[in-house]
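Undergrad: Quick one: the structure is below, questions incoming.
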Amino acid sequence: MSISDAQYIKDQIRDNIVNLNALPVVASCSIDNIDTSKHGWKGRLKDEVIAFYSKIGAKINRQGFGDVILTPRIINNALEYVSTEGEAVAFFVAHKVIKQGIMIGYHTNHKDRSLDTITFAAPVELNSKRGNMAVVIKVAGRKLYKAHRILTTDGSLF
């Protein structure tokens, strides 16, 4: 597995697409009721994601890496990056990608923002469609969930 030098998550996924496509799916999720065309959908999604992570825990432990924190405030900030139904549904499998994914990116001083980031990625299946998902973790003393992206197995938008 190669560590991508690319700054953007989608490019990191594309740089590792052959290897990711060869891996087994780490999580599946089917949700059909997220309507991204209606006003207020991010608010409804935020409530659902917060409730989900409240049940399974706001700390996601990755063996050999430690706890990745995913609080309501972090979820709210991460929603700014979500623009498609696929990215919305992907929130519900992010914990599996963090736990079981492979490291595809690492940056010190990411985008000149005085923070380090690590990107984990894995194949997932959302609404019966396979894709490659990556999750960026911000390392700033604690390890904090930052954002995620998902692409199809050919590297196009999910």
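Undergrad: Given Cβ point charges of +1 (Lys, Arg) and -1 (Asp, Glu) and nothing else, what value in debye, to the nearest 20, does the dipole of region 95-158 about its Cα centre take?
TA: Dipole of region 95-158, to the nearest 20 debye: 240 debye.
Undergrad: Follow-up question, since we're still on this one. With only Lys, Arg, Asp and Glu charged, each at its Cβ (+1 for the first two, -1 for the last two), find how big the charge dipole of the chain is about the Cα centre; round to the nearest 20 debye.
TA: Using Cβ point charges on Lys, Arg, Asp and Glu, the chain gives about 460 debye.
Undergrad: Can I ask one more? Report, in debye and to the nearest 20, how large the dipole of region 47-121 comes out about its Cα centre when Lys and Arg carry +1 and Asp and Glu carry -1 on their Cβ.
TA: Roughly 320 debye, rounded to the nearest 20.
Undergrad: Here is a follow-up. Report the convex hull volume per residue for the chain, counting only C-alpha atoms, in Å³.
TA: 109
Undergrad: By count of other Cβ within 10 Å, fewest leading, how are Thr117, Thr84 ordered?
TA: In order of increasing Cβ crowding within 10 Å: Thr84, Thr117.
Undergrad: For the chain, what's the relative contact order in percent, using C-alpha pairs closer than 8 Å and at least 6 residues apart?
TA: Answer for the chain is 30 percent.
Undergrad: Rank the residues Ile102, Ile75, Ile137 as a footprinting-exposure proxy: fewest other Cβ atoms within 10 Å of their Cβ go first.
TA: Ile102, Ile75, Ile137
Undergrad: Something else about it: What is the packing order of peptides 88-95, 9-16, 49-56, 149-156, taking the mean over residues of other C-beta atoms within 10 Å and listing the highest first?
TA: Highest-to-lowest ranking by the protection proxy: 88-95, 9-16, 149-156, 49-56.
Each value in this text was obtained by applying a stated rule to the coordinates, not by laboratory testing. Model, not experiment: these values are computed from the prediction. Neighbour counts run over all protein chains shown; Cβ positions are idealised from the backbone, glycine included.
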